[in-house]
1. Can you give me the Cα centroid spacing of region B:132-195 and region A:287-317 in angstrom?
2. Calculate, for A:ARG48 and A:ASP12, the FRET efficiency according to 1/(1 + (r/R0)^6) with r their C-beta to C-beta distance and R0 25 Å; round to the nearest 0.05.
3. Cross-link candidates for A:LYS320: which lysines have Cα within less than 30 Å, leaving aside residues fewer than 8 places away along the same chain?
4. What does the accessible area per residue of the protein assembly as shown come to in Å², with a 1.4 Å probe and no ligands, DNA or RNA counted?
5. Consider just the alpha-carbon atoms of chain A and return their Rg together with their Dmax, both in angstrom.
6. Take the eigenvalues of the Cα gyration tensor for chain B, scale each by 5, and report the square roots as semi-axes in whole Å, largest first.
7. In whole percent, and with a 1.4 Å probe on the protein chains, what portion of the accessible area of the protein assembly as shown is carbon and sulfur?
8. For B:HIS56 and A:SER3, what does the FRET efficiency come to when R0 = 45 Å and r is the distance between their Cβ atoms, rounded to the nearest 0.05?
Amino acid sequence: MISVDVKLSRGDFSLQTAFGSESKITALFGHSGSGKTTLIELISGLARPDVGRIEIGGRVLVDTEKRIFVPARKRGVGLVFQDAQLFPHLSVAQNLRFAQFFAAKDGRRLPFDRVVETLGIGHLMTRRPGQLSGGERQRVGVARALMAAPRLLLMDEPFASIDVARRTKAMELVERTRDEFDTPVVLVSHQIEEVMRLAGQVVMIERGRVKEVGRPEEIFASAREETPSDRFGVGVSLACGDASFDAHYRLTKLHHPAGDIFLPDRAPEAKQTRVFVKAVDVSLAHRPPPDTSIRTLLRGKVVSIAATKGPLAIATLELKGGEKLFASLTRMAVDELRIKPGDEVYCLIKAVALDERQVESV
Amino acid sequence: MDFLPTLTPEQLTAINLSLRIGFTATLCSLPFAVLVAFLLARGNFPGKTLLDAVVHLPLVLPPVVTGLILLLLFGRRGPIGAFLYEHFNFTFAFRWTGAALAAGVMGFPLMVRAIRLSIEAVDPRLEQAAATLGAPPLAVFFLVTAPLAAPGLLAGAVLGFAKALGEFGATITFVSNIPGETRTIPAEIYLLTQTPGGDQDAVVMSAVAAALAIGALVASEFLAKRMRIETRGLSS
């Protein structure tokens, strides 16, 4: 679907990157200054590589050897900028019409109303970008990029300007965009949670070089030794239903299809909540342990186990109800318990590992 | 308020002429100024420094020298002037069009500077965003860059206009001081100061010149404010 092989040097910085991805959402993951944004510029046509080749969906956009360089405006690559970059002198509707007007005449078109509805921006049409919140601006930015009916949607840290509480919603939006408009997405991010949740393929970039390419759980399972912070960052957020508060024990019980989740103190009042569960806080058991202190037991199925030669492995689980969960385990435990894909397991989560800061109201 | 009736027909002619020259000079040089300002702000080409220097020449040269250069180039016997006269039967020499040319050239660097600054202040990533949406370069300029730089364009035009109203040295050198043709407000004032008993009229004309210049500035300030409100969407 996308294949990139480029070299570029700019002063002290040099980028030498080759990767391919067939995934519907590919994440470029790396710390700031690693060259992610430069890659985005190269793919969108805002920068030119010294040497290289870029191909998207079978169409060659850059081939320095054959002297091919398709300019940005003819690439059909939508770019969602970090800070949206809406035209400040135009209303939201005019921003969208701008993109619609210049969309490739031969290409497919996305219906205006459907884009507006999917992104929930119908009530903002007459406003100017200066009157929008960060999240609204970002949604309009995504809508504008979609109006040009791109073959590929690039998103440069689209959640950076959205406050943490609303990020989950923004992520749902990206998923909906992918599904609703069948547009592959390349997402730049340095947030493990975003990548774990959204990406099918992760390209890990460090100092302008591709360090690893793979599924998110593989990448973050093997990244652990050098960067312990990555290990602790791996996790997903789970959508929970009604919450009830036990005043005697001061515990909140959140309802989840796979089982009840307990967390200390009162969770914010909301119909729908999300709990972020780190992979390191999850243990697995084949049977419900008869005498454990852990109150939160979730039923799920092992989807895959990513292990390297190091001590740790990451198990990907599909919880009852369809949500993903990750468990960080030792390789020894995986071998001794003979945990393998397809196993029905119980996922144990310590309540004290969760706190109300990890709960987002939706 | 019997202020206006004290103006003589000659003085009214001079005011009329100055306004005509000012508008013509501004309107004709504005597109070139925008083009040059855009090249200097966004372009990256060999000879950019040279272009910048040439544009600024009228600002640093004595106006008389600029007038002389215009005379040598656009005079009836100058290379450009002779060509225009031969092929189009058109001449700048000793005509109000020549005064407009001199005024336009003298105001050019001021216009370019103001417009260049305002174009540089437009975030290039907005232009990049427009490009990724499929807009060709000219559309990007007219739909994104120019509207966002509009207050600066206006400021440049007003500066150029004010400069055109006040231009004296280059004009008198290039097209002399012919009543009804090239005798603008400054030329009229100069003449009055050279005439015995003309001092009072000179002061009146100076007041007119000041009023015109201040009026132009106030009008541009008003328009610029409205543009800014439009851009930021604060009008609602």
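1. 77 Å
2. Details: r = 19 Å, r/R0 = 0.75.
That pair, A:ARG48 with A:ASP12, gives E of 0.85.
3. List returned: A:LYS24, A:LYS169, A:LYS253, A:LYS271, A:LYS278, A:LYS301, A:LYS340, A:LYS350.
4. Value for the protein assembly as shown: 48 Å² per residue.
5. So, for chain A, Rg and Dmax equal 22.1, 73 Å respectively.
6. Working: eigenvalues 252, 119, 37 Å².
Calculated on Cα positions only, the semi-axes equal 35, 24, 14 Å.
7. So the carbon and sulfur contribution to the accessible surface is 58 percent.
8. Values: r = 50 Å, r/R0 = 1.10.
For R0 = 45 Å, the calculated efficiency reads 0.35.
The values are calculated or read from the model by the stated rules, or taken from the named source; none is laboratory data. From a predicted model like this one, the values you see are computed outputs, not experimental measurements. Positions of Cβ are generated from backbone atoms using ideal geometry, with glycine treated the same way; all protein chains shown enter the neighbour counts. The area values use the complete protein model at the heavy-atom level, side chains included, leaving out ligands, DNA and RNA. Shrake-Rupley method; radii C 1.70, N 1.55, O 1.52, S 1.80 Å.
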